[in-house]
Amino acid sequence: MTLKSRLQKLSIKLKTEATKIYYMGWADCTWNQSEGLLKEAGESKEDFCNRVYQITRKQFLWFE
């Protein structure tokens, strides 16, 4: 067993369960604004959601 595989197994064992994030918006939501942040040109919805979460650390995110 290599050191790398030992570290990978240890990190999996010690990693806490990921926090669930809930995204809320209207049915025709364009996902352009959330928590005072604006989606940048060319930014994907997933990247925008991740950026909003990284900045706000909120479990519930509202989108317009």
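If you go through region 47-59 and keep only what is among the acidic types (D, E) and within 15 Å of Y22 (Cβ to Cβ), you end up with nothing. Here region 32-61 is the region considered, the condition is being touching a helix residue (DSSP H, G or I) at 6+ places or on another chain (Cβ under 6 Å) and either of a type in the set (D, E, K, R) or at positive phi (or both), and the residue that is modelled with the highest pLDDT is K39. Determine if region 34-50 includes at least one residue that is loosely packed, with under 10 Cβ neighbours inside 10 Å and of a type in the set (S, T, N, Q). Among the residues of region 34-50, not one is loosely packed, with under 10 Cβ neighbours inside 10 Å and of a type in the set (S, T, N, Q), which makes the answer no.
Being open to solvent by 100 Å² or more (accessible area, probe 1.4 Å) and either among the polar types (S, T, N, Q) or touching a residue at least 24 places away in the same chain (Cβ under 8 Å) (or both) is a description that does not apply to K9. Out of curiosity, is W26 over 17 Å from the mean Cα position of the chain (by Cα) and at negative phi? It is true that W26 is over 17 Å from the mean Cα position of the chain (by Cα) and at negative phi.
The values are calculated or read from the model by the stated rules, or taken from the named source; none is laboratory data. As the structure is a prediction and not an experimental result, all values here were calculated from the model. With ideal geometry, Cβ positions are generated from the backbone for all residues, glycine too; neighbour counts draw on all protein chains shown. In case anyone asks, the SASA skips ligands and DNA or RNA and just uses the protein heavy atoms, side chains included. Shrake-Rupley method; radii C 1.70, N 1.55, O 1.52, S 1.80 Å.
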